[in-house]
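The values are calculated or read from the model by the stated rules, or taken from the named source; none is laboratory data. Keep in mind that this is a model prediction, so the values were computed, not measured. Don't worry about glycine lacking a Cβ; one is built from the backbone with ideal geometry, like all the others, and counts go over all protein chains shown. SASA here: full protein model, heavy atoms, side chains in, ligands and nucleic acids out. Shrake-Rupley method; radii C 1.70, N 1.55, O 1.52, S 1.80 Å.
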Amino acid sequence: MWRDLDLRHLLALDAVASEGTFARAAERLGYTQSAVSQQIAALERAVGEKVFDRPGGPRAVELTPFGAELLRGGRDLLVRVEALADDLDRFRSGQSGRLTIGTFQSVSSAVLPMVLGRFRVSHPEVEVQLFETDVDEELEEHLERGQTEVSFIVGDVAAPEQSGFESRLLLTDPFVLIARPGQFEPGAVPVDAFADEPLIGQHPNSCQLLNEAGLRSAGLDPSYVFRSHDNGTVAAMVRAGMGVAVMPLLCTEPEDPRTELHPLDPPIPGRHVSIAWRAQRTLSPAASAFVELATAACAELSEPDERFDLAAATVSA
């Protein structure tokens with residue numbers, strides 16, 4: 001019978017014990033007196049004991065010894081339920097919880113600081129954990145296994161029924177030429193103008209393969225003298241005079257005076273940066289808020305401002 005015990009029974013027990021009469025308890029709870037009486041009767045059936053002595057008349061009801069013992073434990077339970085309700089309200093509003101995010105190198109350096117900075121202000125109690133890799137398959141595997149709830153990814157995601165993911169395109173990241181200052185005239189550089197220059201690149205990954213395919217379609221068959229997974233190392237080799245590099249804009253440091261960035265002429269297709277999550281899975285409130293913040297931040301980064309004016313120049317070239 002204990003399984004028939006309901007929180008409403010405990011609330012009625014507490015109200016009657018506190019107010020002394022069924023009538024005042026009903027006013028406190030917003031019920032009718034008859035409804036409170038029914039709750040107490042159901043409680044007594046569930047526990048198999050009387051919980052109140054009812055002297056009748058105007059005198060207050062009194063807890064039985066069993067009722068007093070039940071009330072002590074019941075109040076503890078009600079406090080825990082209130083705490084749980086508060087925790088769930090905070091989780092529902094995105095103010096608490098845990099968020100796991102997949103990311104890759106250039107997003108980690110150029111996008112995440114802005115997004116996480118805003119997220120920490122609006123959701124300071126959410127625990128955030130990041131997983132970074134430049135291997136696309138690892139990002140997708142972590143997402144599929146639930147090790148990350150959302151993940152930045154490169155490229156377009158196939159339809160959910162094929163990929164198992166839903167996604168939102170955040171921005172198109174144009175490819176630019178990294179060269180030494182004064183090596184080329186300001187502005188867009190024709191692809192054939194650096195056809196004889198040694199090339200610095202990354203090891204094969206989705207971005208690098210897209211890069212190389214774009215260069216070939218523009219008439220340049222790339223040959224690399226050095227490759228590195230690290231974006232900073234690629235730029236360092238350019239600064240050292242080892243060659244030039246073609247990289248997505250997010251992978252570069254436009255403010256570095258030791259290098260110059262140039263749009264390509266003709267431009268090659270930029271890489272798409274998206275954020276993805278498992279299809280047919282409900283996102284946590286914190287994850288939903290993060291997706292919206294990432295969308296807004298990337299919209300700002302895509303605007304033709306001082307840092308990203310090269311993106312606009314590439315698109316219009």
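Calculated from the structure at hand, volume of the Cα convex hull per residue in Å³ is found among (i) 198; (ii) 135; (iii) 175 as (iii).
Net length available on complete extension from residue 229 to residue 203 is 8.8 nm, with 0.36 nm assigned per residue and the Cα-Cα distance removed. With the simple spin-label model, which puts each label point 7 Å out from Cα in the Cβ direction, the residue 42 to residue 145 separation comes to 4.7 nm.
Using C-alpha pairs below 8 Å separated by at least 6 residues, the relative contact order for the range 194-315 is 24 percent. Normalised per residue, the accessible area of the range 71-127 is 55 Å², obtained with a 1.4 Å probe and no contribution from ligands, DNA or RNA. Express the Stokes-Einstein translational diffusion coefficient of the range 1-59 in µm² s⁻¹, to the nearest whole number, given a Kirkwood radius over alpha-carbon pairs, 10 °C and a viscosity of 1.306 mPa s. This corresponds to a translational diffusion coefficient of 139 µm²/s. Putting +1 on Lys and Arg Cβ atoms and -1 on Asp and Glu Cβ atoms, find which of 248, 126, 171 reaches farthest to the positive end of the dipole of the chain. Towards the positive end, the residue furthest out is 126. Here's the picture: a label point sits 7 Å out from the Cα of residue 4 along the beta-carbon direction, and within the range 40-69 the residues with their amide nitrogen under 15 Å of it are 40-51. For the range 211-277, applying the loop criterion from DSSP together with a ceiling of 13 other beta carbons within 10 Å to the trypsin sites (Lys or Arg not before Pro) yields 258.
Give me the percent of the accessible area of the chain that comes from carbon and sulfur atoms, probe 1.4 Å, all protein chains in place. Its accessible area is 51 percent carbon and sulfur atoms.
Charge dipole (Cα centre; +1 on Lys/Arg Cβ, -1 on Asp/Glu Cβ; no other charges) of the chain amounts to roughly 1560 debye. Residue ranges 5-15, 276-286 sort as 5-15, 276-286 when ordered by packing (mean number of other C-beta atoms within 10 Å per residue, highest first). P(r) tail for the range 116-261: Cα pairs beyond 20 Å make up 57% of the total.
Counting pairs of alpha carbon atoms under 8 Å apart in space and at least six apart in sequence, what relative contact order in percent does the chain give? This gives 20 percent for the chain.
Taken over the alpha carbons of the range 1-106 as equal point scatterers, the Debye sum produces base-10 log I(q)/I(0) values at 0.10, 0.11 Å⁻¹ of -0.38, -0.44. What the Kirkwood sum gives for the range 175-303 is a hydrodynamic radius of 16.1 Å, with every pair of different alpha carbons counted.
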